Amino acid sequence: MEKTQNNRAWLLVLPVLVVVAFSAVIPLMTVVNYSVNDTFGNNAFFWAGLEWFDEMVHSRRLHEALGRQALFSAIILAIEVPLGIFVALNMPKKGFWSSLVLVLMALPLLIPFNVVGTIWQIFGRTDIGLLGHTLKALGLDYNYTNDPLDAWITVIVMDVWHWTSLVALLCYAGLQSIPQAYYQAARIDQASRWAVFRHIELPKMKGVLLIAVLLRFMDSFMIYTEPFVVTGGGPGNSTTFLSIDLVKMAVGQFDLGPAAAFSIMYFLVILLVSWVFYTVMTNIDRSQSDIPEAM
Amino acid sequence: MLELQGVSRSVGGRVHIHPTSLTLQRGSMNVLLGPTLSGKTSLMRLMAGLDQPTTGRILWDGQDVTGRRVQDRGVAMVYQQFINYPGLSVYENIASPLRILGRPRDEIDRKVRETAEMLHLTPMLARKPLELSGGQQQRCALARALVKGAGLVLLDEPLANLDYKLREELRIEIPRIFEASGAIFVYATTEPEEALLLGGNTATLWEGRVTQFGPTPTVYRQPVDATTARVFSDPPMNFVGARKQGAAVSLGESALAAGSFADLPDGAYLAGFRANHLSLARHRPTAVEFACRLVGTEITGSETFVHVEHGADRWVGLVEGVHLLTAGQPLSVWLDPAHVYLFDASERLAAPAAYAKAA
């Protein structure tokens, strides 16, 4: 059967094209434009080719920020994913307590990022902050403003406080979708708690876990507001993550060309790592050996 | 042998199962037949030990197992949903109960392959449950239940989620699997036809009560009350008010000779008959005629369900052949008196139909 051509269909797609163009394509192209040109303002551009990319690829400052960023994201995933699963497994399944816990869990997610930063900035201060003062009173030498390790711990604990709920809520939704009959069948089979988790709950949560890992990776890799408010990237450069460094470069030093090149590379790294996560996690099942050891 | 002695269960003041006593013999097939929410699953959960009875005792081979945990009872169960470990292969799924029991490797391998062979799963052993069709997934769940060699195998509407073709296929195989296992099978279903196909014994359930328990054909032919007859007929049994006076029994506007009902005392009765005994023509000289109004027809291909109104009663007839009739038209239906059951004022069976007594 021959398909009828109807060019008016393009007209119907047009609004979407316009919105996407102005919201994504044109801004991105502007960044691309900056990354291959040099400018001194007044909209005067001088072709720079791949000079900025070359400079950024060999920049020690960027390497260090990337290293800190990778370490931060790795720690965040290593803590928040298992902790989120653990919390989800222990949340009440129904009734009043389940509603209450759900609301409490959602609270941190509703707080604006810079407010979270401010809360922890004050919370951790040794003079007036509850946490900082208590730790000091206990004789611990805690000060996030001049000890890099303390600054890291503060930023990580803050992120865990802020975002573990998201992982827990996603896993909770995954767990709720498992029919009761599975647990009964496992009971009849005399399966252990671990076997129930490993062979029923984990496989059934796989889909939401993939989303949780991707979201947490992307968000933690792009983190800006909270550490900026708490530590401002310090002490020294110890908590200067990629976004903070990028803003310093673009807005602080007004190095638009290098910052644009940096942005594009930053974006590509996130895209690449997310793709790797996705591919690995969707293939994990197939690569599993067919006959594992006793459960 | 599984014995339930006065077992009941209530949750939060609501009775799920009224006191029930049943004895299931070793190596018997037992069907629990009843509509949704009649208590089939509740009764099964009590048998399995997943729930504790509020009153009564459960004996296994004469031993009281009432308080014993489900894990320690040697029970296997198959559900309406296809329950398998999603991340494990079919082989590992079937092997899982044996692995938990800590059986030696070669024994596990032998039993898994035997069971898989019996359920036609041998070519699928390396696959994951989600890569199988619904029928194969349920076979896998059946294999998991059978491989343990449990003394009690509970099947809770195992075919309800399968499409028609697969249901037929597995329905034929279940009696064969049952015979090979030697266990007590308990099979819950909402479909009378399934109970008749499986044979064995049937317990009919209605609102948390076992209304009758006995050999399946007996329960079908001689239901002890109108409720059992309703549950064990698809479509449900038709009823009409009846009155016996001397040598005649009047059914609605028609009268028939008392015949096999001659011994009953005079008075009001409820007459019941199954859909397949209603016909659109006088096939027998003794048949009695009823003037009805046609409500509608459903054509299955070779048969027609005829829905009619007779006064305030609504009847369904299952007649052979395709009948194209207009809803609303007057329609005469005929009934052979040999197919009429009489129930007394409290709906207990007063006299079974003549054909049922003869059989």
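First select every other residue whose beta carbon is under 12 angstrom from the beta carbon of A:Phe113; then total the charges, Lys and Arg +1, Asp and Glu -1. Let's see the in-between values first.
Numbers: positive: none; negative: A:Asp159, A:Asp219, A:Glu226.
Net of charged neighbours comes to -3.
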In a solvent-free Debye calculation with one equal scatterer on each Cα, what is log10 I(q)/I(0) for the protein assembly as shown at q = 0.09 Å⁻¹, listed in the order of the q values? -0.94
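For every other residue with a beta carbon closer than 15 angstrom to the beta carbon of B:Arg68, add +1 if it is Lys or Arg and -1 if Asp or Glu, then tell me the sum. If you can, show how the numbers build up before the last one.
Details: positive: A:Arg187, B:Arg45, B:Arg57, B:Arg69, B:Arg73; negative: B:Glu3, B:Asp51, B:Asp61, B:Asp64, B:Asp72.
In short, 0.
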Note on chain B: C-alpha Rg/Rh, Kirkwood Rh, two decimals, gives 1.05
Short version: ³J(HN,Hα) in whole Hz for each residue of region B:215-221, in order, from phi by Karplus 6.51 cos²θ - 1.76 cosθ + 1.60 (θ = phi - 60°), x for Gly and Pro, what are they? x, 3, x, 5, 4, 5, 7
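Computed FRET efficiency, Cβ-Cβ of A:Gln5 and A:Met218, R0 56 Å: what is it to the nearest 0.05? Numbers along the way, then the final one.
Values: r = 41 Å, r/R0 = 0.73.
Working from the Cβ atoms, E equals 0.85.
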Residue among B:Asn30, B:Gln71, B:Ala48 farthest towards the positive dipole end of region B:2-227, charges placed on Cβ: B:Gln71
Please tell me the relative contact order of region A:176-263 in percent, rounded to the nearest whole number, where contacts are Cα pairs under 8 Å and at least six residues apart. 15 percent
Counting sequence-distant residues (5 or more places) and residues on other chains, those with an amide H built under 5 Å from that of A:Gly234 are A:Thr239
Once the dipole of the protein assembly as shown is set up from charges on Cβ (+1 Lys and Arg, -1 Asp and Glu), the residue from the list B:Ile100, A:Leu17, A:Ile153 lying farthest towards its positive end is B:Ile100
So what's the gap between the Cα centers of region A:238-270 and region B:262-313, to the nearest angstrom? 86 Å
Rounded to the nearest 10 degrees, what's the angle between the helix B:164-181 long axis and the longest principal axis of chain B, both from Cα atoms, 0 to 90? 60 degrees
To the nearest Å, what is the center-to-center distance of region A:157-209 and region B:100-122, using C-alpha atoms only? 29 Å
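Find out how many positive minus negative residues lie around B:Gly12, taking Lys and Arg as positive, Asp and Glu as negative, among other residues whose Cβ is under 15 Å from that of B:Gly12.
Numbers: positive: A:Lys94, B:Arg9, B:Arg14; negative: B:Asp51.
With Lys, Arg at +1 and Asp, Glu at -1, the net is +2.
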To the nearest 10 degrees, how steep is helix B:134-147 against the longest Cα principal axis of chain B, on a 0 to 90 scale? 60 degrees
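Where a ≥ b ≥ c are the square roots of the eigenvalues of the C-alpha gyration tensor, would you call region B:190-236 rounded, which needs a/c under 1.5, or, failing that, prolate if a/b is larger than b/c, or oblate?
Details: a/c = 1.41, a/b = 1.22, b/c = 1.15.
Taking the square roots of the gyration eigenvalues as a ≥ b ≥ c, region B:190-236 is rounded.
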Dipole of chain B, Cα-centred, from +1 at each Lys and Arg C-beta and -1 at each Asp and Glu C-beta, to the nearest 20 debye? 920 debye
Just to confirm the number: angle between the C-alpha axis of helix B:105-118 and the first principal axis of chain B, 0 to 90 degrees, nearest 10? 30 degrees
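From the square roots a ≥ b ≥ c of the eigenvalues of the alpha-carbon gyration tensor of region B:210-304, which class results: rounded (a/c under 1.5), prolate (a/b over b/c), or oblate?
Numbers: a/c = 1.93, a/b = 1.07, b/c = 1.80.
It comes out oblate by the Cα gyration axes.
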Stretch A:Asn283-A:Trp161 to full length: gain in nm at 0.36 nm per residue minus the Cα-Cα span? 40.8 nm
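Kindly identify chain A as rounded, prolate or oblate by the Cα gyration tensor criterion: order the square roots of the eigenvalues as a ≥ b ≥ c, call it rounded if a/c is under 1.5, otherwise compare a/b with b/c, prolate if a/b is larger, else oblate. It would help to have the intermediate numbers written out before the result.
On the way: a/c = 2.04, a/b = 1.19, b/c = 1.71.
Oblate, because a/c is 1.5 or more while a/b does not exceed b/c.
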Straight-distance crosslink candidates among lysines, where the alpha carbon sits under 27 Å from B:Lys40 and sequence neighbours closer than 8 are dropped: A:Lys93, A:Lys94, B:Lys148, B:Lys165
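Kindly compute the accessible surface that chains A and B hide from a 1.4 Å probe when together, both sides summed, and give it to the nearest 100 Å².
On the way: alone 18030 and 16550 Å², together 32120 Å².
That pair hides around 2500 Å² of surface in total.
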Could you check how much of the accessible area of region B:27-90 is carbon and sulfur, as a whole percent, using a 1.4 Å probe? 49 percent
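The values are calculated or read from the model by the stated rules, or taken from the named source; none is laboratory data. None of the values given here were measured: they were computed from a predicted structure. Note that we place each Cβ from the backbone using ideal geometry, even for glycine, and neighbour counts take in every protein chain shown. Ligands, DNA and RNA are excluded from the accessible area calculation, which covers all protein heavy atoms including side chains. Shrake-Rupley method; radii C 1.70, N 1.55, O 1.52, S 1.80 Å.
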